[in-house]
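Reading through the structure tokens given below for one structure.
The values are calculated or read from the model by the stated rules, or taken from the named source; none is laboratory data. Worth saying up front: this structure is predicted, and the values here are computed from it rather than measured. Using ideal geometry, Cβ is built from the backbone for each residue, glycine included, and neighbour counts are taken over all protein chains shown.
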Amino acid sequence: MQTNSSHRGDKGDDLSGRLLDFTVHIIRLVQALPNSPVGKHIGGQLLRSGTSPGSNYEEARGAESRADFVHKLGIVLKELKETRFWLRVILRASVLDSSRVEPILCECEELCAIMAKSILTAKSKK
């Protein structure tokens, strides 16, 4: 999946850039959905869940405590998992060509893994 962000700086900046790129890919995917009741429903759900991880991650970076940080990362992971579900629905129902959806689903899976690991790491630090 091609990205436009420059991945310089710390890991948080890299992840922030990936989440921003992911948001843009979700927006473009939603715009490609059919103008039908199904397309509109999935599009609304996907737009909400798929555009929130980036902004929630930015909130987590400004967390007031480790517990707040972990909580906010949990929200990011929850939204990514919901996004993953809707991407799978699009694939399973053949709403869009799989070549358009699979790279975004792959990135979603990677982001889920990164968030889950980040949560475990943050919880283990004292």
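Only one entry of S99, S49 meets the criterion of being in contact with a Phe, Trp or Tyr (Cβ under 8 Å, 6 or more places away or on another chain) and part of a helix (DSSP H, G or I), and that entry is S49. Considering the range 43-83 alone, what residues qualify as being touching a residue at least 12 places away in the same chain (Cβ under 8 Å), of a type in the set (K, R) and either surrounded by 16 or more Cβ atoms within 10 Å (Cβ to Cβ) or under 19 Å from E107 (Cβ atoms) (or both)? The answer is K72, K81. State the number of residues belonging to the range 88-123 that are among the basic types (K, R) and closer than 24 Å to L33 by Cα. Total satisfying the criteria: 3. Taking K72, is it part of a helix (DSSP H, G or I), of a type outside the set (F, W, Y) and touching an Asp or Glu at 6+ places or on another chain (Cβ under 8 Å)? Considered against the rule, which asks whether it is part of a helix (DSSP H, G or I), of a type outside the set (F, W, Y) and touching an Asp or Glu at 6+ places or on another chain (Cβ under 8 Å), K72 comes out as yes. Across the range 85-94, the number of residues qualifying as touching a helix residue (DSSP H, G or I) at 6+ places or on another chain (Cβ under 9 Å) and surrounded by fewer than 18 Cβ atoms within 10 Å (Cβ to Cβ) comes to 5.
Does K123 satisfy being of a type outside the set (A, V, I, L, M) and modelled with pLDDT under 95? Working first, answer last.
Values: of a type outside the set (A, V, I, L, M): yes; modelled with pLDDT under 95: yes.
So K123 passes the test.
Taking the criterion of being more than 13 Å from the chain's Cα centre (by Cα), touching a residue at least 12 places away in the same chain (Cβ under 8 Å) and either surrounded by 15 or more Cβ atoms within 10 Å (Cβ to Cβ) or part of a helix (DSSP H, G or I) (or both), the residues of the range 110-126 that qualify are S118, I119, A122, K123.
When P103 is tested against (1) surrounded by 15 or more Cβ atoms within 10 Å (Cβ to Cβ); (2) touching a residue at least 40 places away in the same chain (Cβ under 8 Å), only condition (1) is not met.
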